[in-house]
Amino acid sequence: MRKWAPLLAVGLGTFMLIMDVTITLVALPDISTSLHTSLDALAWVIDGYALALAAALLAIGTLADRWGQRRVYLAGLAVFTIASLICGLAHTPALLITMRVVQGVGAAGMFATSVSLLRHTYQGRDYGIAMGVWGAIASGAAALGPLAGGILTQGLGWGWIFFVNVPIGIAALVLTVRVVPKPINRPGGALPNLDVAGMLLFALFASSLLYGTIRSHASGWTGSQTLIAFGVCALALLAFVLRQRATDHPMFDLALLRRPAFTAALVAMFVGEFTAYGFMAYTSIWLQSLTGLSPLGTGLIMLPSSAASMIVSLMAGRRLRHYLPRYSLPVALLLVAVGALAQAGLTPGSTGSRVIAGLFIGGLGMGMVFPVATTLAIESVPHRRAGMAAGAFTTFQQLGYAVGVAVFASVMTASAKSELTGHVTDARATAQELTGGGAQAITAQAPVTARPALEHLLSTAFVHGLNTVAVIGAALAAVTALITGFVLRRETWAAAHYAEPDDEETNALVNT
């Protein structure tokens, strides 16, 4: 059992940081009521964490390559645990969102190093088993988040979705110090030459992208604030690319994108997260604010997705060496597409049972996407770029989730507004309040005799938005599945060949 103790230590941290991405989903209505937040603030409670994680990953991945994977993992774990405590104590939206950002920075330190720690601890068959278990923990944590959030929110209050991280974080810290081996050739203690400019430019790109998307809820896609944000986003991205090409110490080596396997893994993970989890927040709000389910009931509706993700991820991870990603990755994305499409077709009278099948099928797909894409990304680059590759991969994963939440929020608002126009005084404001979980507050303001008709109208508007985002997500995943299969058509999958590649060997393998 001692052989697997490092896997347990890394698994605890991974479980905690990934669960925190989705554990807030079920608690959103309670957070909104308790802190009197708007739809924009609710979006930032989710996206602040994912954005910070994504923005910091590339820089921290480079830092870990030069400063030490274990050292960076421990620092990230400590930051995450402390920020979780403060999140639970927050009494204002500003403090909660700020600490969610700090949580994301800590999570970046853990996520950028988790796979590399396992890679350097286990070899051969043990590495395949470790990756399978790690993949099952990661995908299972993402899906179990809503259930855990429902239990804690309903039983103890929404603050406990963060307090629960404290004992887990302390246990992971102690275990990591005791059982995760120190590197044989320890990196120097001096602070490496970090690409600070690149890090700031990427953070500006990601934050302005999300800000512009979220602001479109209120001002529309052609509003001045939205267009300015997207303009800044485009300029920041261009400056980031130029900076990475010019510096001797890039945060991200753009040459890695020339590797078809690596690029395909990034895109597949982005789209999988965008589709499978991007609109789950609004499914949760619909279940609680319009069908009357409790937080626990909502979590139970999402439970089959977690079971499917964990089982399939474990099976796929243990058999990675026998699967060709040119087949398995497109099939996984098609399952995500089918799962999203199965959640379309809702009507005002639909119940939570209507989305269970779609969540289950989507869970099957993501249970395959995660371990296959992770290993494909890590094993298709030289070992010296392992931290950078892991950081880039997880950056795309978190950006996919964050952008999905923001884009689908805008689509939800626009779709609901189109249904409400002509029936209420201010269709846009009502749509924003509705999609933020305020259906009951809207209904309470109407005369008693008018409430049944208003409830039907609000339900019609909300499910119209959910059906729209489900179809959009399904179409995107299906197209990506076809493109991924085409890109990987010449790739071979022999993980053993990637054991210790240098640059020339890797280029030969990637271009075979």
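The values are calculated or read from the model by the stated rules, or taken from the named source; none is laboratory data. None of these values were measured; they are calculated from a predicted model. Because the Cβ atoms are built from the backbone with ideal geometry, glycine has one as well, and the counts that use them run over all protein chains shown.
Picking from residues in the range 5-38 that are surrounded by fewer than 19 Cβ atoms within 10 Å (Cβ to Cβ) and among the small types (Gly, Ala, Ser), the one that is farthest from residue 102 (Cα to Cα) is 5. Every condition in (1) more than 30 Å from residue 31 (Cα to Cα); (2) aliphatic (A, V, I, L, M); (3) without any contact (Cβ under 8 Å) to a residue 60 or more places away in the chain is met by residue 204 except one, and the failing one is (1).
Every condition in (1) surrounded by 22 or more Cβ atoms within 10 Å (Cβ to Cβ); (2) at pLDDT below 80 is met by residue 172 except one, and the failing one is (2).
Would you confirm, using the coordinates I've provided, whether residue 100 is at pLDDT 85 or above, out of contact with any Leu (no Cβ under 6 Å at 6 or more places or on another chain), in the same structural domain as residue 13 (by TED's automatic domain parsing) and of a type outside the set (S, T, N, Q)? Judged against the criteria, residue 100 is a match.
Which residues, taken from the range 322-367, are under 24 Å from residue 26 (Cα atoms), in a helix (DSSP H, G or I) and hydroxyl-bearing (Ser, Thr, Tyr)? The one that is under 24 Å from residue 26 (Cα atoms), in a helix (DSSP H, G or I) and hydroxyl-bearing (Ser, Thr, Tyr): 353. Here 441, 496, 478 are screened, and the one residue that is surrounded by fewer than 15 Cβ atoms within 10 Å (Cβ to Cβ) and either farther than 25 Å from residue 24 by Cβ or at pLDDT 85 or above (or both) is 496. Exactly one residue out of 130, 141, 148, 107 is touching a Gly at 6+ places or on another chain (Cβ under 9 Å), of a type in the set (A, V, I, L, M) and closer than 27 Å to residue 207 by Cβ: that is 107.
Each row is one residue, and each column tells you yes or no for (1) without any contact (Cβ under 8 Å) to a residue 12 or more places away in the chain; (2) under 26 Å from residue 59 (Cβ atoms); (3) among the charged types (D, E, K, R).
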residue: 216; (1), (2), (3): no, no, no
residue: 232; (1), (2), (3): no, yes, no
residue: 235; (1), (2), (3): yes, yes, no
residue: 239; (1), (2), (3): no, yes, no
residue: 249; (1), (2), (3): no, yes, no
residue: 262; (1), (2), (3): no, yes, no
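Do you know which residues across the range 290-300 are within 12 Å of residue 148 (Cα to Cα) and either among the β-branched types (Val, Ile, Thr) or surrounded by fewer than 24 Cβ atoms within 10 Å (Cβ to Cβ) (or both)?
Residues of the range 290-300 within 12 Å of residue 148 (Cα to Cα): 295-300.
The answer is 296, 297, 298, 300.
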